[in-house]
Structures are given as structure tokens and as C-alpha cells.
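First up is the structure itself, then whatever we jot down about it.
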Amino acid sequence: MNEQLKHDLENMESLLEKVKIQGLDFLNQISERPTTSKEVVMPSTNLNDIGIGGLSALKLFNDTFEQIIVGSTGPRYLGFVTGGSTPASIVGDWLTTIYDQNTQATKGQGDISAILEFETIKLVLDLFHLPNDFVGGFVTGATMSNFTCLGVARQWYGKNFEMDFAKNGVSKKINIFSAVPHSSAIKSLSMLGIGSTNFEKIKTEAGNRESIDISDLENKIAALKGEPFILITSGGTVNTVDYDDFNAIAKLKEKYNFWWHIDGAFGAFAVCSPKYKHLMQGWENADSITIDCHKWLNVPYENALFLVKEKHKILQTETFQNSNAPYLGNPLENFSYLNFLPENSRRLRALPVWFSLVAYGKKGYQYIVENSVEMANILGQFIENSEEFELLAPVRLNNVCFTLSKEENQSKVTDFLTQLNNTQKVFMTPTIYNNKKGIRASFVNWRTTKKDIDIITNEMMKIISNS
Ligand SMILES: *Cc1c(COP(=O)(O)O)cnc(C)c1O
């Protein structure tokens with residue numbers, strides 16, 4: 001065996017012990033860890049010929065990069081929609097790395113880890129009070145989940161005209177409607193060969209809403225004169241966490257022939273709380289659903305899942321079958337994930353989710369959701385009470401979308417956000433809402449407490465009083 005490999009094999013215990021201690025140090029101080037890094041690392045030297053071994057690699061990493069790793073898994077990182085990692089999810093993720101399974105088939109020789117994936121999907125359906133007529137699988141993020149779901153929708157659309165788009169390409173215009181789709185759904189249309197501009201915008205409801213105006217949707221459906229369509233809906237939108245009216249859409253499904261997709265990347269977790277579950281009412285009637293796990297489920301990146309109605313299983317297999325490999329068998333007879341989603345080889349991504357759901361249960365996730373919403377409301381209340389800031393939209397759930405008060409301060413929003421993020425104590429992201437420059441703070445991390453909101457509002461006021 002190669003010298004360096006042999007040495008590391010013999011010293012595995014001390015190597016992993018060092019990483020454990022380093023990891024604990026990081027997590028124990030996550031609250032103090034800067035949320036942005038001001039340093040830029042210069043590209044390092046060439047690849048070493050004989051290698052330096054694991055221990056020296058760790059030292060080199062620590063000397064070069066460790067200090068600039070930001071606390072994005074900590075309680076005051078409110079940029080994008082960024083979850084943390086629960087302790088049990090870290091256990092599951094570590095074991096995923098150690099077992100290093102390739103999750104594909106459920107029976108036959110070799111790997112059986114897909115059974116764990118099935119089991120985890122069942123737990124997720126239970127958490128969400130969804131019926132068992134969905135099948136699901138794990139992908140890297142909600143972008144890939146949207147891609148997977150819309151890929152099956154594309155195949156469904158073709159079948160209406162006895163066309164097989166998966167086999168022969170997209171040779172017909174596809175009718176697609178959406179009001180405020182997430183950028184990743186649009187990106188998926190591009191990746192699917194449909195084209196990112198080939199969808200029609202539905203009006204939003206009046207009164208500072210981002211939800212579908214159902215009567216406008218019905219008008220657009222009427223104009224199709226009976227042609228099928230794909231409807232991309234939101235639960236909730238990323239700026240203001242607005243939800244489409246799923247009960248109304250479920251009713252439309254009784255009258256019209258369409259594929260109903262819900263992007264519930266983070267907003268679907270509203271169902272974990274009795275207080276907010278009405279927002280998702282009727283969603284069990286959708287054909288496909290996108291759920292992110294590295295957001296509100298608080299497991300490490302990269303983790304998301306798709307749910308597609310079981311009755312569409314053949315469409316899904318037609319879309320993703322790895323059909324030119326005869327040794328993999330008939331995809332319709334022997335279920336394997338490699339015929340069911342974009343990836344072929346895949347890590348056991350279900351395991352961190354399995355661990356976290358089993359460890360914290362329905363009550364644990366109810367707590368995480370309700371706590372996040374409470375934190376958003378405290379920040380929202382501070383903004384409403386202040387002279388200096390104003391909300392761009394009501395705090396509907398866990399996101400706060402706000403800006404500096406007064407029209408003349410619009411030019412200062414970018415600078416204010418830069419200063420705020422430069423404090424390294426909090427991180428928020430810029431947005432534009434109703435043609436106004438704004439700032440967005442999204443609460444999905446299980447660690448955030450009222451103390452964190454105090455730190456954040458203090459820093460906000462310091463910047464105001466120094467300007
Ligand atoms: C974050 C998000 C996505 C994309 O998710 P990734 O995990 O970044 O791929 C899609 N839809 C919504 C509503 C989101 O919030």
C-alpha cells in the first residue's frame with residue numbers, strides 16, 4: 001500500500017478524534033463565529049507529489065481556510081433561507097459518510113439502503129399529514145426537486161398527445177402557468193428543454209399579495225380551449241411567504257386537465273404547527289411537491305426531496321430511466337432509484353433526515369417552526385415600531401421583508417445592508433419587492449433565540465445612529 005494511505009489507515013482513530021474535537025469547538029462557539037468573512041484566500045501552491053498525509057492536510061486546511069469558514073449554520077445567519085443542522089442530523093450525516101452506500105435498488109443483490117429511503121419518505125409523509133399515495137426520493141436541493149417534478153410533468157404533458165418527450169425530445173409548446181415561481185423552477189424549465197421564458201404569468205391577488213389570482217387563472221384556462229397545462233404553485237413564496245389557495249386549485253382540478261406542482265421548499269413546514277397548517281390546506285391533491293430538507297428540516301446540505309403521486313410512477317420511470325444499461329434490468333419490473341430521479345450513484349441522503357425525524361418527532365418540528373415564526377414576528381414588531389425601518393410586506397410566517405423608511409432613503413439600502421453584514425454578527429440578503437429595494441431576513445434555524453434578535457436590532461440601530 002502507498003505509504004501515506006498506510007500511515008493514515010493506522011492512525012484513523014487519532015485523525016477522527018482530532019476532527020471530532022475541532023467540530024465540537026466550532027459548534028460550541030457557533031454563536032460567536034463571524035457570519036461573513038472579510039479575508040480573501042490566495043490560491044495555494046501546486047499539488048504535492050507524494051502527498052502530506054491526513055494530519056498535515058488538516059493542519060494546512062486549518063492554517064489556510066478554517067478561520068474564514070463563516071457561521072452560516074448559526075443562529076443569526078438569516079440570508080437566503082438557510083437552515084442549521086440538528087445534533088441528530090449531524091450523527092446521520094457522519095454515518096452516511098462512513099457507510100458510503102450507493103442508494104439505488106430495494107431488492108436483489110448488493111445495496112439495500114433504498115429501503116431506508118422508503119422508510120424515511122414514510123416518516124416525512126407522516127410529519128406532513130400527507131396520504132400514502134405519494135412516492136418520493138432524495139435529491140441535492142429544492143432546485144433538483146423542482147427539476148425532477150417538472151420533468152415528470154413534462155412527460156405527462158406529452159402523453160396527452162401520445163408523444164414521448166423523454167424519448168423524442170420536446171417537440172410541442174407546453175402550456176405552463178405560474179404567478180410567482182421560485183427562480184429555480186424557471187431554471188428547471190431551461191434545463192428541461194422547455195425554455196425559461198416559456199411560461200405564462202398569472203396575476204397575483206390584489207393587496208400586496210404574491211398568490212395566484214384564481215379568476216385570472218380561470219380566464220387563462222378558458223383561453224386554452226381544453227388543452228392541458230402545467231401549473232406551478234407556491235407554498236410559500238421566498239420574499240413574503242405567501243401561499244397560493246390550494247383548496248381553490250384542488251377544485252379546479254376536478255374541472256380541468258392539468259399537472260399541479262407545489263414548490264413547498266420551506267413553506268410546507270407550516271403544516272408542522274396547528275397554528276399554521278391551514279396555509280397548506282388542500283395540498284394533498286397536488287401531483288408533485290418539492291420539499292427542501294436543508295432549510296426548515298435543519299439537516300446539513302445537500303438535502304431535499306420530491307413527492308410525486310404514485311399513479312405517475314410510469315411517467316417518472318420513462319423520464320429518468322437509465323435505459324441503455326442492460327445489466328440494470330427492466331426499470332418497470334425492478335424498482336431502482338437510478339431509474340427514478342436525475343442521479344445514478346447517490347449517497348444515503350435519507351439518513352440524516354431519518355435521524356432527525358426520529359430524534360425530535362412531530363413536537364420537535366412543531367417547536368422549530370413555531371419558534372422561527374415567533375422570532376420573525378419579534379423582528380417584524382421592532383421594524384413596525386421603529387421610525388427608521390418599514391415592512392415591505394406583512395410578516396406572514398418566518399420571513400421579514402423590510403426596507404429603510406422614506407423614499408429618499410432608497411439609495412441608502414444597499415449601503416445599510418453592507419454595513420449590517422460587515423458587523424459579522426448577522427447576515428441578511430438584498431431583495432427587490434414592489435419595485436423597492438429591500439432586505440430579507442429568513443428564520444429557519446433551530447438555534448435562534450430572542451437574545452439573537454436583541455443583538456440584531458442593536459446592530460441595526462447602531463448603524464442608523466452613526467450615519
Ligand atoms: C430555496 C428554494 C428553492 C431552491 O432550493 P435549493 O435547495 O437552493 O436548490 C426552491 N424553491 C423555494 C421556494 C426555495 O425557497
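The values are calculated or read from the model by the stated rules, or taken from the named source; none is laboratory data. What you see is a predicted model; the values in this text were computed from it and never measured. Don't worry about glycine lacking a Cβ; one is built from the backbone with ideal geometry, like all the others, and counts go over all protein chains shown.
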From the set of residues in the stretch 22-43 that are among the hydrophobic types (A, V, I, L, M, F, W, C) and surrounded by 10 or more Cβ atoms within 10 Å (Cβ to Cβ), which is nearest to residue 63 (Cα to Cα)? 41
Where residue 370 falls short, out of the listed (1) surrounded by fewer than 22 Cβ atoms within 10 Å (Cβ to Cβ); (2) out of contact with any helix residue (DSSP H, G or I) (no Cβ under 9 Å at 6 or more places or on another chain): (2)
With (1) of a type in the set (A, V, I, L, M, F, W, C); (2) closer than 27 Å to residue 278 by Cα; (3) within 16 Å of the ligand (Cβ to nearest atom) as the list, and residue 134 as the residue in question, which single condition is left unmet? (3)
Boolean, residue 109 is outside any strand (DSSP E or B) and either on the phi > 0 side of the Ramachandran plot or at pLDDT 95 or above (or both): no
Say whether the condition of being in contact with a strand residue (DSSP E or B) (Cβ under 6 Å, 6 or more places away or on another chain), buried (at least 16 other Cβ atoms within 10 Å of the Cβ) and of a type in the set (Val, Ile, Thr) is met by at least one residue in the stretch 144-159. yes
Of the residues in the stretch 214-257 that are of a type in the set (Val, Ile, Thr) and under 30 Å from residue 392 (Cα atoms), the one that is nearest to the ligand (Cβ to nearest atom) is 238
Which of the residues belonging to the stretch 421-459 are touching a residue at least 40 places away in the same chain (Cβ under 8 Å), assigned to a helix (DSSP H, G or I) and more than 27 Å from residue 269 (Cβ to Cβ)? 422
When the stretch 229-251 is examined, which residues are found to be of a type outside the set (A, V, I, L, M, F, W, C) and surrounded by fewer than 22 Cβ atoms within 10 Å (Cβ to Cβ)? 239, 245, 247, 251
Residues being surrounded by fewer than 19 Cβ atoms within 10 Å (Cβ to Cβ) and under 28 Å from residue 87 (Cβ atoms) - total across the stretch 344-363: 5
Got a sec? Which of 85, 89 is within 16 Å of the ligand (Cβ to nearest atom) and either within 25 Å of residue 308 (Cβ to Cβ) or assigned to a helix (DSSP H, G or I) (or both)? 89
Check the stretch 40-58 and report whether any residue there is part of a helix (DSSP H, G or I), modelled with pLDDT of 95 or more and closer than 30 Å to residue 296 by Cα. no
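Given the residues 120, 140, 103, 148, which is the only one that is polar (S, T, N, Q), within 16 Å of residue 304 (Cα to Cα) and at pLDDT below 95?
Result: 103 is the single residue among 120, 140, 103, 148 that is polar (S, T, N, Q), within 16 Å of residue 304 (Cα to Cα) and at pLDDT below 95.
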Being of a type in the set (S, T, N, Q), over 32 Å from the mean Cα position of the chain (by Cα) and outside any loop (DSSP other than H, G, I, E, B) is the filter here, so list the residues in the stretch 8-28 that pass it. 14
Output for Cβ contacts, cut-off 6 Å, separation at least six or different chains, first residue under 16 Å from residue 361 (Cα atoms) in the stretch 80-93, second of a type in the set (A, V, I, L, M) and surrounded by fewer than 23 Cβ atoms within 10 Å (Cβ to Cβ), reads 88/359
Got a sec? Which strands (runs of 3 or more DSSP E) wholly within the stretch 258-359 have at least 2 residues that are within 16 Å of the ligand (Cβ to nearest atom) and in contact with a Lys or Arg (Cβ under 6 Å, 6 or more places away or on another chain)? none
Give the number of residues within the stretch 187-204 that are crowded, with 18+ Cβ neighbours inside 10 Å and within 22 Å of residue 224 (Cα to Cα). 5
Could you please find all residues in the stretch 29-70 being over 31 Å from the mean Cα position of the chain (by Cα) and acidic (Asp, Glu)? 49, 63
Among the helices (runs of 4 or more DSSP H) lying completely within the stretch 141-212, list those that include at least 1 residues that are within 16 Å of the ligand (Cβ to nearest atom). 142-159, 183-191
Can we say residue 70 is in contact (Cβ under 8 Å) with a residue 60 or more places away in the chain, in contact with a strand residue (DSSP E or B) (Cβ under 6 Å, 6 or more places away or on another chain) and either under 26 Å from residue 238 (Cα atoms) or not in a helix (DSSP H, G or I) (or both)? no
